[in-house]
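Below: one structure, written as structure tokens.
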Amino acid sequence: MIIGNNHVILKFKDGRHMNKNLISKRIRIARSMQEPKMDQKDLLAKLQVEGINISQSMLSKIENGKRPVSDIELKAFAKVLGVNIYWLLGETDSLDKNL
């Protein structure tokens, strides 16, 4: 285990890292479902409007499962991507935001 920058990183002896969030794949899917397709810069701009300021490298780490996502970030991702929080978490296949 490596502790740094207020993050705990679980590292296996063979160099693999444990996925640190459940929403990485779903964020990429939700971006690609937007019309027009939303790139990372568009997503970052929309997150900033919601008060979430993260860098493009941090977003890349989130989308690759290498950075955890806070509850506040999770809520903002769902809002700007127009999806259900439970869908982002993989708990449902329904995109209905009203669940």
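The values are calculated or read from the model by the stated rules, or taken from the named source; none is laboratory data. Everything numeric in this text was worked out from a predicted model, so none of it was measured. So basically every Cβ, Gly included, is an ideal-geometry build from the backbone, and we count neighbours across all protein chains shown. What goes into the accessible areas is simple: the full protein's heavy atoms, side chains included, and nothing from ligands, DNA or RNA. Shrake-Rupley method; radii C 1.70, N 1.55, O 1.52, S 1.80 Å.
Here are some notes:
- Answer residue from region 75-84, given it is more than 14 Å from Arg28 (Cα to Cα), part of a helix (DSSP H, G or I) and in contact (Cβ under 8 Å) with a residue 12 or more places away in the chain and is most open to solvent (accessible area, probe 1.4 Å) among those: Lys79
- Some residue of region 28-37 being buried (at least 16 other Cβ atoms within 10 Å of the Cβ) and charged (D, E, K, R): yes
- Region 50-71 residues that are over 12 Å from Gln40 (Cβ atoms) and modelled with pLDDT of 95 or more, paired with ones that are open to solvent by 50 Å² or more (accessible area, probe 1.4 Å) and among the β-branched types (Val, Ile, Thr) (beta carbon under 8 Å, 6 or more apart): Ile52/Ile72
- Those residues of region 38-63 which are assigned to a loop (DSSP other than H, G, I, E, B) and either under 9 Å from the mean Cα position of the chain (by Cα) or over 20 Å from Asn19 (Cβ atoms) (or both), in sequence order: Met38, Asp39, Glu50, Gly51, Ile52, Asn53, Ser55
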